[in-house]
Amino acid sequence: VAQPDYKSLNKDAKEFLSDSNYGPIGPAKVGPVEEARFMKINEKTRKLEREIGFEKVLHRTGDEWELHKPFMNVYQENIRCNITADKGIVVVENLQGSNPQPKEAVLKGNVVVHILGQGKRSDSYIYLDEIAFDSDRSMLWSNHDVNFVSKEATLLGRGLEIVYNSASSRLEFMTIRQIDYLYILDSVKDVEKDEVLVDQNQSADVKTVKG
């Protein structure tokens, strides 16, 4: 996976503010939109793959929307996660003959990534200040501090990347780029190493407790 251009997406929300609540969707202009959802269906399986929604559009500038209480839900074969935030900026792509779809997004303020447990895994939560999304790369990432919490482990670090494969509807990997503190129950043996990656050479305060 090519390194994403963080600078291009981590723009300040002030750049997208507008005095008008009116903006284009395709050829038509519409007024303020509330509680809308963008849904992406997998063309092969016909299953829901992703949905992005919000409580309200605050401002628009062309295809760039400033959102209040945005959320994003990802549905893959080996992962299901729900993301919420206080505000966000989304770039909406209007393709001829298709419904508008989010192309890029930045969610900010009290961001929570809730990864639903599957099998023996419990639910886990990632808390951070900001997370970006790129539809073309099927990728979520952040340069900010990361606080990962579950029944099996607690992790403090910085930098997050989540990549999933739209064609196979599976998570490719989730990476924490910098690990500062890691607490793991000794009884945890069921982690799939090809999905959750950390740099083993990093210096970190690691604590293991027998379960």
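Taking all protein chains as they are arranged and a probe of 1.4 Å, the heavy atoms of LYS103 leave approximately 60 Å² accessible to solvent.
Between SER168 and GLN101, the C-beta separation translates, for a Förster distance of 25 Å, into a calculated FRET efficiency of about 0.80. Only one residue of ASN94, GLY119, THR61 has its Cα farthest out toward the positive end of the dipole of the range 57-143, where Lys and Arg carry +1 and Asp and Glu -1 on Cβ, and that residue is GLY119.
Phi angles of the range 115-120 translate, via the Karplus equation with coefficients 6.51, -1.76, 1.60 and θ = phi - 60°, into HN-Hα couplings of 9, 6, x, 9, x, 7 Hz per residue; Gly and Pro are given as x. In this structure, the amide hydrogen of ASN78, modeled 1.01 Å from its nitrogen in the peptide plane, lies closer than 5 angstrom to those of LEU171, counting only residues at least 5 positions away or on a different chain.
The values are calculated or read from the model by the stated rules, or taken from the named source; none is laboratory data. All values derive from a computational prediction rather than experimental measurement. Because the Cβ atoms are built from the backbone with ideal geometry, glycine has one as well, and the counts that use them run over all protein chains shown. Please note that ligands, DNA and RNA were not included when accessible areas were found on the heavy atoms of the full protein model with its side chains. Shrake-Rupley method; radii C 1.70, N 1.55, O 1.52, S 1.80 Å.
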